[in-house]
Amino acid sequence: MMEKWEENATEKGRIYHFDIIRAVAIVCVLYNHTNKRGYYLYAFTDSLPLKIFYIALAAFIAVGVPLFFMVSGALLLKKEETIADLYKKRVSRILIVLVVFSIVQWLFRVADGRDELSAGFLFGKIFTDGVIAPYWFLYAYLAYLMILPLLRRLVQVMRTEDYRYLIGLLLIVEGVIPTILYPFGITELNGFFVLPFINRVVIYPLLGYYMEYVLPENVYENESAGKCRPTARAVLAIFAVLAFFVVMTLIRNLPYEDFTVYDKGLYTCSFTALLDMAVYYLCKRAVVRRKPALSPTYGGNGNDSCGPSLPAGFIISFGGAAFGIYLIEQIVREHTTGIYDVICGAISKGAGDIGSFIACLIWLAVVAAVSYLITIILKKIPGLNKLL
């Protein structure tokens, strides 16, 4: 999400699948932020089929943020730059973004009467839990950038089996073991049993690098590889993981009053990484299949006439604006809730629970469209275009 458009390019042109992955990821993030109006609907419906659908959708939405880290890993881990350049070009940029947009969010909250007009309050929030909750990602991304030089050295020596070991370790330690212990009422392992390489600011960039450069290219190009086609395996993995999360969430049956900010009543574990890898694969595979109309590089030969079709071009543009959309969507969302209320009131009587979901999707489309248009305008302003 953080890298600018120029960093999506190779010598031959633009790499489209990064933008498509970003587009999927930002839509997931936007839906995650709908809360009771969409994301939490599984907590309020009495219809079992709808509850299953809403849980599966919410579980899938968890791929959003990890996908951003994966794209960043694919883009940045292969680059060569000095630590001084890293801090000058990247760390400083995110720090400026964090301060500037935190001030913008704070001013809107002051205008709405939700925060106090105090510089001490503002900077206290910036240096602690953030002005708004979604900006936690900026703090995590800063941590990732600071360890980026070490990760770059690491990928230079890691072998294919090392990545497979790391993936297996993630799935076993934070997936299989917690699931086995869950029936015994054990929901957390010993707090001192910490594996830093499973931290999301490490594992997901490494997974992105693995998917982009370590996984053989013919896996994306040749559907005859292996006994089961890779595309079929990716789709099966998605359905299997979602089915598991649905069943475990239904067994958990946590009432809404006990939801936490992070788990939101869902049963979650590291199996989400399988979803992320499957989505990454399918997005890149879709681009590879559409050569030259939508090739991994713009036109494939430097000729813009071979660029993407209009729908694909919009998806790519939307994905390229993902960072700006993320930064401003809360302001847009909070000031357009009336759209949801009107639509929901008009259709929910006859449509029941599904009416709320339909209203949420329409409202979400408005939030996405308005945020996208504002981002496109902001990117034309000198100075801001370098931040977005």
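The values are calculated or read from the model by the stated rules, or taken from the named source; none is laboratory data. All of these numbers come straight from a predicted model, not from anything done at the bench. Methodologically, a virtual Cβ is constructed for each residue, glycine included, from the backbone with ideal geometry; neighbour enumeration extends over all protein chains shown.
If you check Arg153 against the conditions, is it part of a helix (DSSP H, G or I) and not assigned by TED's automatic domain parsing to the domain that holds Tyr326? Can you show your working first?
Numbers: part of a helix (DSSP H, G or I): yes; not assigned by TED's automatic domain parsing to the domain that holds Tyr326: yes.
Yes: the conditions hold for Arg153.
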Result of the Cβ filter at 8 Å on the stretch 19-36, keeping first residues that are not assigned by TED's automatic domain parsing to the domain that holds Phe323 and at pLDDT 95 or above and partners that are charged (D, E, K, R) and surrounded by 24 or more Cβ atoms within 10 Å (Cβ to Cβ), at least 6 apart or interchain, is Ile21/Lys284
Which of the following residues is surrounded by 17 or more Cβ atoms within 10 Å (Cβ to Cβ), of a type in the set (Gly, Ala, Ser), at pLDDT 95 or above and in a helix (DSSP H, G or I): Gly168, Gly208?
Gly208
Give Gly124, Gly130 a once-over and let me know the one that is over 27 Å from the mean Cα position of the chain (by Cα) and not assigned by TED's automatic domain parsing to the domain that holds Ile331.
Gly124
Being hydrophobic (A, V, I, L, M, F, W, C) and closer than 18 Å to Ala25 by Cβ is true for just one of Ala119, Ala111, Ala62. Which residue is that?
Ala62
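Give Leu107, Leu145 a once-over and let me know the one that is among the aliphatic types (A, V, I, L, M), modelled with pLDDT of 95 or more and under 17 Å from Leu387 (Cβ atoms). I'd like the intermediate steps shown before the answer.
Details: Leu107 fails: under 17 Å from Leu387 (Cβ atoms).
So the residue among Leu107, Leu145 that is among the aliphatic types (A, V, I, L, M), modelled with pLDDT of 95 or more and under 17 Å from Leu387 (Cβ atoms) is Leu145.
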Give Gly345, Gly338, Gly383, Gly355 a once-over and let me know the one that is free of Cβ contacts under 8 Å to residues at least 24 places away in the same chain, among the small types (Gly, Ala, Ser) and touching a helix residue (DSSP H, G or I) at 6+ places or on another chain (Cβ under 6 Å).
Gly355
Can you name the number of the only condition in (1) β-branched (Val, Ile, Thr); (2) surrounded by 15 or more Cβ atoms within 10 Å (Cβ to Cβ); (3) in a helix (DSSP H, G or I) that Val176 fails?
(2)
The residue from Glu217, Glu161 that alone is at pLDDT below 95 and exposed (fewer than 14 other Cβ atoms within 10 Å of the Cβ) is Glu217
Residues that are modelled with pLDDT of 95 or more and polar (S, T, N, Q): does the stretch 185-204 have at least one?
no
Candidate set from the stretch 21-59 (those that are of a type in the set (Phe, Trp, Tyr) and buried (at least 19 other Cβ atoms within 10 Å of the Cβ)); member that is nearest to the chain's Cα centre (by Cα):
Tyr31
